[in-house]
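The values are calculated or read from the model by the stated rules, or taken from the named source; none is laboratory data. From a predicted model like this one, the values you see are computed outputs, not experimental measurements. Cβ placement follows ideal geometry from the backbone for every residue including glycine, while neighbour counts extend to all protein chains displayed. To get the accessible areas, we keep the full protein, side chains included, count just its heavy atoms, and leave off ligands, DNA and RNA. Shrake-Rupley method; radii C 1.70, N 1.55, O 1.52, S 1.80 Å.
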Amino acid sequence: MSLLQSLISQVLSWTGLCQFLVVVSTGLVTLVAVWTARLLAGHAWYMHRLSCFSKPPTHSWLIGHLGQMRSTEEGLLRVDDLVQTYTHSCSWFLGPFYHLVRLFHPDYVKPLLMAPASITVKDELIYGHLRPWLGQSLLVSNGEVWSRRRRLLTPAFHFDILKNYVIKFNTSADTMHEKWRRLVAEGTTNLEMFDHVTLMTLDSLLKCAFSYNSNCQHSSSEYVSAIVELSDLIIDRRQKILHHWDWIYWRTQQGKQFKKALSIVHRFTREVVQRRRALISQQMETESQSNLTTAAQRKKDFVDIILLTKDEDGQGLADEEIQAEANTFMFAGHDTTASAICWTLYNLARHAHYQERCRQEVMDLMQGRDKHEIEWEDLSNLPFTTMCIRESLRLHSPVQAVTRKYTQDMALPESRTVPHGAICLVSIYGTHHNPAVWTDPHEFNPLRFDPTNTEGRASHAFIPFSSGPRNCIGQKFALAELRVVVALTLLRFRLAPGVDPKLGSSSGDVRRLPQLVLRAEGGLWLQLENLEEPQEE
């Protein structure tokens with residue numbers, strides 16, 4: 001009898017399990033069906049709403065332009081074709097998942113970038129992958145969180161603060177140039193710029209953000225290596241659409257590497273902020289209010305300033321918020337500025353007459369000085385060098401595009417409308433290379449930025465730092481560092497196009513590589529000639 005009961009029990013248990021599995025699988029099939037139906041309905045809705053924009057040829061209605069947006073030289077040439085064909089804008093679909101409008105004319109760009117911050121949203125396609133690293137920082141936050149952060153961070157980029165950073169720009173550039181002098185003296189005159197300049201900008205940012213002397217230009221740094229690795233992993237993730245979903249990505253080898261590097265970066269920032277907070281608290285306990293104010297004024301690095309700043313209600317930023325902003329300062333500042341410096345030096349290396357004119361301008365400025373150091377007041381006395389920097393930012397903008405979403409429909413010229421929720425991809429590259437906006441847009445001509453030639457130019461023809469309420473808060477910082485490093489480099493070295501040792505080709509044949517910032521395939525190689533003897537101590 002017990003054997004029979006056991007058999008019946010097993011049959012029932014198997015039957016129950018099968019029934020359970022049927023119910024679960026049916027539920028999953030239903031959920032997938034509902035999700036697919038909503039996805040396709042949304043796709044059809046966006047296709048209809050965006051029909052007012054020209055649409056480049058697609059693989060199919062469903063796949064759209066998936067696979068056509070490439071981060072290569074050919075991808076940039078494809079943008080040139082789009083600009084030539086459509087002049088101002090076109091629609092773009094990445095499967096049924098992402099629905100974009102690509103814009104590359106000032107008249108179409110301006111209404112979007114100048115829209116109130118209250119209706120502007122940073123989309124997940126570009127910025128979502130940055131959140132684990134940067135948290136709810138100024139770069140990726142929205143609404144009231146963004147508005148409060150912007151108000152609190154603005155003092156950190158005031159001219160009075162930037163003046164103190166110029167000394168740090170000089171010292172970091174000096175370290176890089178001393179390395180170059182040694183290499184040139186040893187016979188190595190052909191150098192890859194990105195390797196050297198990226199370490200230099202990281203060095204200066206660590207000094208400006210944390211008053212931290214990392215010595216990263218001479219020896220390896222775990223923190224610096226982790227930042228570089230995180231940047232590379234973000235690029236890799238963007239290019240693999242299945243990795244866009246967290247539940248897939250965090251199970252991959254790349255996701256695990258990301259978490260490991262992230263822990264190094266976050267630990268470093270957390271410890272710096274906590275130590276600095278404790279130091280300020282100690283000062284509050286031991287010093288009078290007048291002395292505290294004096295001490296606060298002495299503190300000029302980024303973390304000090306945002307630790308001490310308060311909003312209209314007397315509330316400051318929490319440690320976690322400060323860490324997010326410090327991480328953003330390092331992320332957004334080092335790669336973009338390094339790219340801008342490298343491409344400026346590259347463009348001047350290819351145009352010796354402009355390079356010589358810049359050098360003479362710097363030499364005239366330094367005349368009669370015992371020490372060759374760029375001071376804050378000098379920055380406004382480098383007009384032609386600044387014109388060359390601006391033209392390089394136009395021709396080789398570090399950031400190729402910015403994306404936005406809006407919580408309401410956005411009206412554009414010629415009765416076109418971007419529906420709420422669609423991604424607006426503002427092509428900085430396309431706008432800067434649009435022949436309807438710029439004469440000979442692929443030529444390096446700094447005289448475009450001569451004040452006599454800028455009259456009548458559209459306000460949004462030149463947007464290397466974006467524009468409007470959500471523009472780059474650090475653009476004055478970046479321009480100051482650019483002028484210091486470029487001026488000192490030209491004072492000390494003559495530049496010529498170099499040769500990629502792997503290819504044996506001149507950097508005149510460079511293939512651009514648009515990643516998080518614009519780089520070059522195989523690096524950007526320049527030939528250096530030392531113009532001065534090492535400075536006496």
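Just a few scattered comments:
- Cβ-placed point charges (K, R +1; D, E -1), dipole of the chain about Cα centre in debye, nearest 20: 1640
- Correct option for semi-axes √(5λ) of the Cα gyration tensor in Å [calculated from the coordinates] among [x] 69, 45, 23; [y] 88, 30, 16; [z] 45, 31, 25: [z]
- Qualifying aspartates and glutamates (Cα of each under 14 Å from Cα of Lys502; at least 8 residues distant if same chain): Glu192, Glu521
- At most 12 other Cβ within 10 Å, DSSP loop - GluC sites (Glu not before Pro), region 400-485: Glu414, Glu443, Glu455
- Accessible surface of the chain [probe 1.4 Å, protein heavy atoms]: carbon and sulfur percent: 55
- Region 389-481: chymotrypsin sites (Phe, Trp or Tyr not before Pro) in DSSP loop, at most 15 other beta carbons within 10 Å: none
- Helix axis angle, 289-298 relative to the chain longest principal axis, alpha carbon, degrees: 80
- Alpha carbon Rg of region 384-524, scaled by the compact-globule rule 2.2 N^0.38 Å: 1.23
- Separation of the Glu529 and Thr188 label points, Cα + 7 Å toward Cβ, nm: 2.2
- Solution diffusion estimate, µm²/s, Stokes-Einstein, region 111-250, Kirkwood Rh from C-alpha pairs, 10 °C, viscosity 1.306 mPa s: 87
- Flagged links, alpha-carbon separation over 19 Å, of Lys122/Lys259; Lys163/Lys476; Lys163/Lys207; Lys168/Lys476: Lys122/Lys259
- Calculated [222 nm] ellipticity per residue, helices only, for the chain: -18000 deg cm²/dmol; basis is -39500 (n - 2.57) per DSSP H run with n ≥ 4, divided by all residues, nearest 500.
- Between helix 319-350 and the chain: long-axis angle, C-alpha atoms, 0 to 90°, nearest 10: 60
- Counting every alpha-carbon pair across region 204-283, the share separated by more than 22 Å comes to 40%.
- Cα long-axis angle, helix 352-366 against the chain (0 to 90 degrees, to the nearest 10): 60
- For region 338-402, the ratio of Cα radius of gyration to the globular rule of thumb 2.2 N^0.38 Å stands at 1.22.
- Accessible surface, per residue, of the chain when the full set of protein chains is kept, probe 1.4 Å, Å²: 46
- Dividing the mean sequence gap of close Cα pairs (under 8 Å, 6+ apart) by how many residues the chain holds gives a relative contact order of 23 percent.
- Taking 0.36 nm per residue of sequence separation and removing the Cα-Cα distance, the Glu312/Asp81 pair yields an extension gain of 78.2 nm.
- DSSP assigns beta bridges within the chain; of those with both partners inside it, close to 85 percent run antiparallel.
- 10 Å Cβ shell holding at most 15 others, DSSP loop, trypsin sites (Lys or Arg not before Pro): longest site-free stretch of the chain: 71-239
- The equivalent ellipsoid of region 59-166 has semi-axes of 33, 18, 15 Å, largest first, where each one is the square root of 5 times an eigenvalue of the Cα gyration tensor.
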